[in-house]
Ligand code: 13P
């Protein structure tokens, strides 16, 4: 079966309750583009209110702890996300790996905890600029997959997001050929680790400076099943054209 396109907004540390109207407008547009799966990952504080404002919408977290509960001040556990109605969580975003020192093993544990709690997972990988410039991007990203992919999982509930760090929030994007090559290499690696049937089911999203102008080209690249969008997901005006571009493919 063909993989459905998946367009996910990562609001990062942005959004007060006043932004819930944008989420409602985004999910209303998602309802009109039924061929595309759409989700939003706002800050923890907005997950419950967003689900109340847009019942039935796919809303998720941007991180979770690997433990189900315990003395971890400031952290949120995967079962807590599921308990308030979240259906997914992002793990391993480069802003967590780089800014909070998360290792591949940490990301793997978080992904496993999220799956055990019944959530879907978006597992992020991506190389820094100097690695891209030295020609080592594929090796770097495939090593991240090897180290952070859980051992046993439902491929329908685990997506990979390829987000080159140097493309995040910079307006820089790899060439469509480079994106297709990396996504093809990731799918081959998933085949090695999880089997060909799982690799054929799993969605691989591109993230990094996706906007209304470049979405159609990036989403149309080989082995690209959707987008993980930061800045351009904060308003319906910028995000809905990306959903529409995915629907038109
Ligand atoms: P931008 O779309 O703002 O570049 O962010 C990408 C990203 O990090 C999404 O997780």
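Kindly list, by first and then second residue, each pair from a residue in segment 21-47 that is within 19 Å of residue 216 (Cβ to Cβ) to a residue that is at pLDDT below 95, limited to pairs with Cβ atoms under 6 Å and residues at least 6 apart or on different chains.
Pairs that qualify, where the first residue is within 19 Å of residue 216 (Cβ to Cβ) and the partner is at pLDDT below 95: there are none.
With respect to residue 137, is the statement that it is under 25 Å from residue 209 (Cβ atoms), buried (at least 17 other Cβ atoms within 10 Å of the Cβ) and away from the ligand (no atom under 16 Å from the Cβ) true?
Considered against the rule, which asks whether it is under 25 Å from residue 209 (Cβ atoms), buried (at least 17 other Cβ atoms within 10 Å of the Cβ) and away from the ligand (no atom under 16 Å from the Cβ), residue 137 comes out as yes.
Determine which member of the set 152, 178, 225 is under 15 Å from the mean Cα position of the chain (by Cα) and either more than 11 Å from the ligand (Cβ to nearest atom) or farther than 21 Å from residue 35 by Cβ (or both).
On the way: 152 fails: under 15 Å from the mean Cα position of the chain (by Cα); 178 fails: under 15 Å from the mean Cα position of the chain (by Cα).
On inspection, the qualifying residue turns out to be 225.
For (1) under 18 Å from residue 232 (Cβ atoms); (2) touching a helix residue (DSSP H, G or I) at 6+ places or on another chain (Cβ under 6 Å), each residue gets a yes or a no:
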{"residue": "18", "(1), (2)": "no, no"}
{"residue": "26", "(1), (2)": "yes, yes"}
{"residue": "36", "(1), (2)": "yes, yes"}
{"residue": "41", "(1), (2)": "yes, no"}
{"residue": "51", "(1), (2)": "no, no"}
{"residue": "76", "(1), (2)": "no, yes"}
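If you scan segment 113-134, which residues turn out to be surrounded by fewer than 22 Cβ atoms within 10 Å (Cβ to Cβ) and either on the phi > 0 side of the Ramachandran plot or touching a strand residue (DSSP E or B) at 6+ places or on another chain (Cβ under 9 Å) (or both)?
So in segment 113-134, the residues surrounded by fewer than 22 Cβ atoms within 10 Å (Cβ to Cβ) come out as 115-118, 120, 128-134.
Once the filter is applied, which keeps residues that are surrounded by fewer than 22 Cβ atoms within 10 Å (Cβ to Cβ) and either on the phi > 0 side of the Ramachandran plot or touching a strand residue (DSSP E or B) at 6+ places or on another chain (Cβ under 9 Å) (or both), segment 113-134 yields 115, 117, 118, 120.
Would you check if residue 118 is under 24 Å from residue 142 (Cβ atoms) and away from the ligand (no atom under 16 Å from the Cβ)? Steps first, answer last, please.
Numbers: under 24 Å from residue 142 (Cβ atoms): no; away from the ligand (no atom under 16 Å from the Cβ): yes.
Here the answer is no, as residue 118 does not meet what is asked.
Show the residue pairs that are 6+ apart or on different chains and have beta-carbon atoms under 6 Å apart, the first residue being within segment 86-99 and farther than 19 Å from residue 49 by Cβ and in a helix (DSSP H, G or I), the second being within 12 Å of the ligand (Cβ to nearest atom) and modelled with pLDDT of 95 or more.
Close Cβ pairs (under 6 Å, with a partner that is within 12 Å of the ligand (Cβ to nearest atom) and modelled with pLDDT of 95 or more) amount to 94/126; 94/165; 96/63.
Residue by residue through segment 178-195, note down the ones that are out of contact with any helix residue (DSSP H, G or I) (no Cβ under 9 Å at 6 or more places or on another chain) and either free of Cβ contacts under 8 Å to residues at least 40 places away in the same chain or surrounded by 19 or more Cβ atoms within 10 Å (Cβ to Cβ) (or both). Explain how you work it out, then say what you get.
The initial filter retains those residues of segment 178-195 that are out of contact with any helix residue (DSSP H, G or I) (no Cβ under 9 Å at 6 or more places or on another chain), namely 180, 183-184.
Selection gives 183, 184.
In segment 155-166, what residues are within 16 Å of the ligand (Cβ to nearest atom) and touching a helix residue (DSSP H, G or I) at 6+ places or on another chain (Cβ under 9 Å)? Quick ask: steps written out before the conclusion?
So the first thing to find is which residues in segment 155-166 are within 16 Å of the ligand (Cβ to nearest atom), and the list is 159-166.
Once the filter is applied, which keeps residues that are within 16 Å of the ligand (Cβ to nearest atom) and touching a helix residue (DSSP H, G or I) at 6+ places or on another chain (Cβ under 9 Å), segment 155-166 yields 160, 162, 163, 164, 165, 166.
To keep it simple, each residue is scored yes or no on (1) under 27 Å from residue 43 (Cα atoms); (2) free of Cβ contacts under 8 Å to residues at least 40 places away in the same chain.
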| site | (1), (2) |
| --- | --- |
| 123 | yes, yes |
| 134 | no, yes |
| 156 | yes, no |
| 165 | yes, no |
| 198 | no, no |
| 201 | no, no |
| 211 | yes, yes |
| 228 | yes, no |
| 237 | yes, yes |
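Could you check, for segment 91-107, whether at least one of its residues is within 16 Å of the ligand (Cβ to nearest atom), touching a strand residue (DSSP E or B) at 6+ places or on another chain (Cβ under 7 Å) and farther than 16 Å from residue 11 by Cα?
From segment 91-107, those within 16 Å of the ligand (Cβ to nearest atom) are 91-100, 102, 107; that's our starting set.
From the residues that got through so far, the ones that are touching a strand residue (DSSP E or B) at 6+ places or on another chain (Cβ under 7 Å) too are 91-94, 107.
This time we only want the ones that are farther than 16 Å from residue 11 by Cα, so: 107.
Checked against the condition, which is being within 16 Å of the ligand (Cβ to nearest atom), touching a strand residue (DSSP E or B) at 6+ places or on another chain (Cβ under 7 Å) and farther than 16 Å from residue 11 by Cα, segment 91-107 yields at least one hit.
Considering only segment 188-218, state which residues are more than 19 Å from residue 90 (Cα to Cα) and either touching a strand residue (DSSP E or B) at 6+ places or on another chain (Cβ under 6 Å) or within 10 Å of the ligand (Cβ to nearest atom) (or both).
If the condition is that a residue be more than 19 Å from residue 90 (Cα to Cα) and either touching a strand residue (DSSP E or B) at 6+ places or on another chain (Cβ under 6 Å) or within 10 Å of the ligand (Cβ to nearest atom) (or both), then 211, 218 are the ones that fit.
The values are calculated or read from the model by the stated rules, or taken from the named source; none is laboratory data. Everything quoted here is computed from the prediction, not taken from an experiment. Glycine gets a Cβ as well: all are built from the backbone with ideal geometry, and neighbour counts include every protein chain shown.
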